[in-house]
Each structure stands twice: as structure tokens, then as C-alpha cells.
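Some notes on the structure that comes next.
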Amino acid sequence: MSRHFVLVNFAPILFGLFWLIYLIAWQRNNRESFETFVLERQVNFAADSAIEELLVRSPSVVSDTTDSRLSAAMADLTSNEVTVDPNIAVEEFSTTLAVELGLPDTYSSREYVQHNYIKALQVCVNNGFYTYTNLTYNSKGQADLISTPKIPYVGVVPALSEIPAAHTNPDDKFALFLSKSAIFRILWKDDGTINRVLESTTLGQYINDKISDQMSEEINTRVSEYMQKALVQAYGNNSAKTLRIPSAPSKIRGTMPVDGPTVLAVVDTSERNVGVEVIAFGVGGAQIVRNDPCVGYRHNEVGEWLWAKQSRLNEFFASLGNPGDAAFDELYDKLADTHPDPDPSHTMSGLMEMYLGRASERKYFDNPFEAAHFGCDEDWVVMEYK
Amino acid sequence: MLDFAGKVIGIIIAFVLCVVAPLVNISVDRTLLTEREVITAATDLLDEVVDSKQLTDSMLQQFAAECTGLGASVDYEIIHMQRTIDSSVVGIAGGHTVNYYKVQNINEYDTGDKVGIHIKSISLTGTQHLAEALAGVFIPELDRTFYERVR
């Protein structure tokens, strides 16, 4: 071709090539954005299902009647213990995600989803949270979804020390609760062991909005830390694939990810044949108030019935009904099923003392997932207090 | 003669860059946007079912009208998974075993049931055909499933 042609068309040809490169990159980005959009919805739906199923099937029942079974169960409420099995949430999450990804609702599908897609999953309940991660546990590269023990929400609440009557220091550590109606100070004995002091009734009366916000931030920071640890475990220190849950409350919405019982999950579909690798983060429990089962009741001073909801322990509602109503009968039947012979030691105080008593055995593992895998669950709970 | 060929090629390049390129960009963008809007409409339908525990003909008609209005040729299937509890079998959680069964009645739901929607595009849309024919840009067909738990 002539020199004239080359000179005239060189720029358009170059521009055309750039456009093709741009088109490929732009389409890939759009595809990734679309896949993320879809997966985030699916993960959110699965997380919603998981936390609702967990609440419905959690056998916490409370009351202040003279019935011995109900009275024993009431101890669970006053000690902020919520008896839950986080596996319920994991199974429900896996089932929902499996069918959303086009897999059949079978045991093997759930296992497949747990091993290949779920990179981190957290089940947050009233007095602590469980963190699951995919951990390779043998030389063949087999992985499994392994959980930490229940990790308590522990943090400092400097705002409490601003109240002189509370007699606390800014660096005191406290065991916190999602309900934010109770707070326990952690004290050290002279011999270096930990002594948990039940101060819910004394310190609880000072909780105001500022203290409540600080408690929420501490809880969200705690959960965020463990999400990071779980992702590091799942991805092997690949920092490009980690994410952080915002611990500070949003200025616009005024809410935080963990504001009540919830399920947080990170799902990675790199194994899936969709052309692009997508990571989605979902938070369950957005509409939890609509499906909040009644877990107990008590009388107020004038003999009226007040009802407790699973997601908001220590907050009582007056609108559920009276004995003889369907809701009451259902509650009582549930109590008979789940608490035929309540064990008084199965309260938070009992568990805490057990955990604290094993502090000296905590030196063998590098992380909580490893400890959990070898069956040494409680040791890491103790470390959280230090 | 060589100059003539050069002019023809130049005209083709100019046409591609001035007409085809923006057309393909707009086509791909519109297709992906339409797919998002269809998915949003589908999940909105699920939200309605989740809150009202029922799926009426008018809700389905409204959803179909939304899809048509978006210019998407999609087929959809509503799936009702009924939650059952087998009290005779103790599950891994130490409680009763929960199973889900697919049932035919998609109009009424109980708490705990799952309602799902499977959306699948019937064929490539006009914009997808255009993008594929003009620039070889292939956009996968829409084939997604969503499930929600009825409250």
C-alpha cells in the first residue's frame, strides 16, 4: 500500500485496536459487577434464612413463674446465655446457597458448597460469636469448614468511666452483649487468673446512648477482627482478598452490621464456571423483627404478661398474648420439649468458669481454628480476655 | 489502485469506529442493565411473597408486565419448597431434622417455607445479537435462581 494510506490510516487502526482492548476489559468488568450483584443478593438471602432458622430452632425459654422448669430456664435469660447450635445456621445457609447456585438440595451439595464456596462465616448471638473458615487440614489438600468456639464480645468502654458512680477505669475490660442491657467487668485475681464479676445489675443501670454506641463499636470491631483472621486462613495471607466490616456506625444510616443476632458470610465463586471470579459479602437479619419467635415471658409489677423475643433478650413486649392463647401453648410445648430437665450449670456463669479454669493449657496452637480442629475449643476463649 | 483500496479500508475503519463501536457499547451496556432490572423485579416479587405469604395472579401479571416493559424475553418458574420437621430423626444440630419438599401449590406459603424463582432467558435479545454479530461480543444467557425464606 502506498505511504499515503499508511500515514492516513495508522491512527484509526491503532484507535480501533485500543477500542477492542477497551471493549474486552469493559465487558469483563461489567460481567464481574453483574456477577457480584447477583451473588450478593443470593448470599444475603441465604444469610437471612440462616439466622431466622437459628432463632426459630434455638431452645431458649424464659419465665418467672413458680414452675421449676420455667424458673431454671429464666436463669438463662438473667445470665445472658442463649442456648444455640450454630450448625443450624451453617446448614441452613449451605442449603439455601446450594439451591440458589443450581445444585440439588442434598447432603453432598451442602458439603460441596461448604468446602468450595464459603470462605468465612460468622454466627453472632447475644453473648458471643462463632467464626467458621475453610481450613486445609492434611497433606492431600482436603479442606473443611471449621469453627472457633464461641468467642465472647470483650472490649473496653471508656465512656462508662466518665460516670463517677460506676467506679470503673477507662482500660477496664468488659464482657459485652448484643442486647446492650447487661455488662460484666473482668477482674484479675492476685494469682494472675481471671475472675468474672457479675455486675450486670449495678453497671447495667448506667448504660446510656454513648456507652451503648461504644459497646456496639467494640462488638463490631471484635467480629471484624475474626472475619479478617478467617479470611487469612481461607486465602493463605493473600491480602488482596480480605475485607473489613465497618466498625464505626454509618453516619447516614446509623446502623452497624452486627446490631443483633446475625449471620455474616463471605462467599467466593472462583470454583464456579462463570468466567469471572466473584467474592460477595452478605449480612443476614435485615428483617429479623418480622420473624422473631417468642422465647419466654414474665409478669410485670401489676401482674401483666410480658413476652421476650429471641433476637432481643431482656426487652419485653406486652402484645403477644395470654396463657391459653395459641402463642402461649406453643411456647409451653416448646419448653417441655427443650427443657425436660434443665441443667442449672448450663448458664453463662458456669461455662465461663469452666473456660477460665483451663487458661493454663492454651500454649499449643497458633490460631483458634487450629485449636478447634484438635478439639481444644475453650482455650481460645480464655485468651480473648487478655 | 492501491490508493483506492486504502480509501475503502479507511472508510470501513471510520464506519466501525463511528457507528459500530458506540452501538456495541450501548448494546452490551443495555443488555447487562436489563438483566439487573429483571433480577431486581424478580427479587422484589420474592420480597412481596415473603411478607404476604401468598402469591396472587395479579402479582405474577405485574412481574410479567415489568419484564416485558424492560424488553427482556425471559421465562421464569416459581418454586415452593415446603418446610417439614421430622421429629423422629435427630439432626446434626441435636434437634429435629428439617427437610424441604418441592410442592405444586405456589399460591400459599407458611412460615419457614422457601419461595424461589428461576429466571432463564428464552433466547438472545436483539442487542445481544447485534453485539455478537458486529463485534463478536458474546454475553451469556441469563440463568439465575433465588430463594428466600418466608417470614
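The values are calculated or read from the model by the stated rules, or taken from the named source; none is laboratory data. Quick caveat: nothing in here was measured; it's all calculated off a predicted structure. When we count neighbours, we look across all protein chains shown, and the Cβ atoms used for this are built from the backbone with ideal geometry, even at glycine. The protein model used for the area step is the full one, side chains on, heavy atoms only, and it has no ligands, DNA or RNA in it. Shrake-Rupley method; radii C 1.70, N 1.55, O 1.52, S 1.80 Å.
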- Query: Which of the peptides B:104-111, A:160-167, B:20-27, B:143-150 is most tightly packed, and how do the rest follow, judged by the mean count of other Cβ atoms within 10 Å per residue?
  - Reply: B:143-150, B:20-27, A:160-167, B:104-111
- For the pair B and A, how large is the buried accessible area, both sides, in square angstrom to the nearest 100, if the probe is 1.4 Å? 3900
- In sequence order, what are the phi-derived ³J(HN,Hα) couplings for the stretch A:103-108 according to the Karplus relation 6.51 cos²θ - 1.76 cosθ + 1.60 with θ = phi - 60°, rounded to whole Hz, with x for glycine and proline? 8, x, 7, 10, 4, 5
- Residue order for B:Phe63, B:Phe138 - accessible surface, 1.4 angstrom probe, largest first: B:Phe138, B:Phe63
- Message: Averaged across B:27-39, how many Cβ atoms of other chains sit within 10 Å of each residue's Cβ atom?
- Response: 2
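Leaving ligands, DNA and RNA out of it, report the carbon-plus-sulfur percent of the accessible area of chain B at a 1.4 Å probe. Display every interim value, and only then the final one.
Numbers: 4460 of 7690 Å².
The C+S portion of the solvent-accessible surface of chain B is 58 percent.
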- Query: Here are some pairs, A:Lys150/A:Lys210; A:Lys180/A:Lys229; A:Lys150/A:Lys173; A:Lys180/B:Lys114; A:Lys119/A:Lys173; A:Lys119/A:Lys229; which of them have Cα atoms lying more than 22 Å apart in this structure?
  - Reply: A:Lys150/A:Lys210; A:Lys180/A:Lys229; A:Lys180/B:Lys114; A:Lys119/A:Lys173
